[in-house]
Amino acid sequence: MTADDDRSRLARALGDVAKGDRAALQTVYRQTSAKLLGVCLRILEDRSEAEDVLQETYITVWNRAGAFDPERGLSPITWLATIARNKAIDRLRSTARGKSARPLEDAVEVADDAPPADLALEGSQTAAQLQRCLGELEPKHALAVRTAFFEGVTYERLAERMGAPVGTMKSWIRRSLQRLRTCLEAA
């Protein structure tokens, strides 16, 4: 079975979830929960919090499965991971607000408020165009974009992983996103 078969099966299951099929939601959960828990854990670094967010994610999937449109070119796992990432970041922010004041330097750990790149590009672009355009970027810049936006890694952690200053990492990603936008608009 190929990745395209898995993607098609998952897209069909999401369509069935949109129709209220509980068995389809179980299928979606079995096929994606490990990956989505990983997304939540990378952001929250607390298993209990990540499991709570995972549950919230599947409640959102149950309520919004009809919003997934496979014709837009976004893969179902990317759509699901985006929901999980946003929920985890929301939880991280709400937890940070509930704690006593922390030094300003700690704010770097929270991802910015900009919409995820995959959602910003989803409306009019296909996944194949996005992959082609990512392939035109310098490899380390493409890796930074993929890691920040598809895995939910903060700029600070990404900078540590790649051995670059945080400001440089933000510049790489900002310039890469500008190049992606130009490439996708030309396609």
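When only the Cβ of Lys, Arg, Asp and Glu is charged (+1, +1, -1, -1), the dipole of region 34-98 relative to its Cα centre reaches about 160 debye. With a/c under 1.5 counting as rounded, go ahead and sort region 1-99 into rounded, prolate or oblate using the C-alpha gyration tensor (a ≥ b ≥ c being the square roots of the eigenvalues; past the cut-off, prolate if a/b is larger than b/c, else oblate). Taking the square roots of the gyration eigenvalues as a ≥ b ≥ c, region 1-99 is prolate. Spatial offset of region 143-187 relative to region 15-50 amounts to 26 Å, using the alpha carbon center of each. Taking θ as phi - 60° and the Karplus parameters 6.51, -1.76 and 1.60, the scalar couplings of region 145-157 work out to 5, 4, 5, 5, 9, 9, 10, x, 7, 6, 4, 4, 5 Hz in sequence order, x denoting glycine and proline.
Rule-based calculations on the coordinates, nothing more; no lab input. As the structure is a computational prediction, the values presented were derived from the model and not from experiment. Ideal geometry is used to build each Cβ from the backbone, glycine not excepted, and the neighbour counts take in all protein chains shown.
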